[in-house]
Amino acid sequence: MSAKDKMIFLLILCLTGNHLIIPLEMDLFIFIFCSHNKTDYFQMLWYQRSPGETAMKLIGYLYVSDPTVEEQYKDNFNIIGDLSGSSKKNGSLKIQVVGPEQGAVYYCAASKAQEREKTRWDESKG
């Protein structure tokens, strides 16, 4: 299976205060919804690409129904959803707008989660 088969980008949304039809207000909550029909893809990843940058930064991911948000995003971002079962997968990114740093392009990606083998380090943790 190629890398192309393992990850599919599903959604692109641009949030910039200068280009939205309605002006962004501070402490506004924005939800970006993402869904797909890949019933065997149990991981949804969220990325941010800031204006003028080419690199995407990982905000966090949802594995089945367990969200993980990167430390720098924990105050203003939440990931919500449930990717369990064999039906359509749905997730969302909740953004609290507190300043211009949230003005960016946001990406959602679906991935087949890789099971990792237990290592000696894992076993020593109990």
- prompt: Once amide H atoms are placed 1.01 Å from N in the peptide plane, what residues at a sequence separation of 5 or more from Leu83, or on another chain, have their amide H within under 5 Å of its amide H?
  reply: Val64, Ser65
- prompt: Around Ala113, which amide H atoms from residues at least 5 apart in sequence, or from another chain, sit under 5 Å from its own amide H, with H modelled in the peptide plane?
  reply: Phe42, Gln43
message: Applying a 10 Å radius around every beta-carbon, put 29-39, 56-66 in order of their mean neighbour count, most first.
response: 56-66, 29-39
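Values quoted throughout were computed directly from the atomic coordinates according to the rules given, and no laboratory measurement underlies them. Just so we're clear, the structure is a prediction, and the values are computed from it rather than from any experiment. FYI the Cβ positions are ideal-geometry reconstructions off the backbone, even for glycines, and counts take in every protein chain you see.
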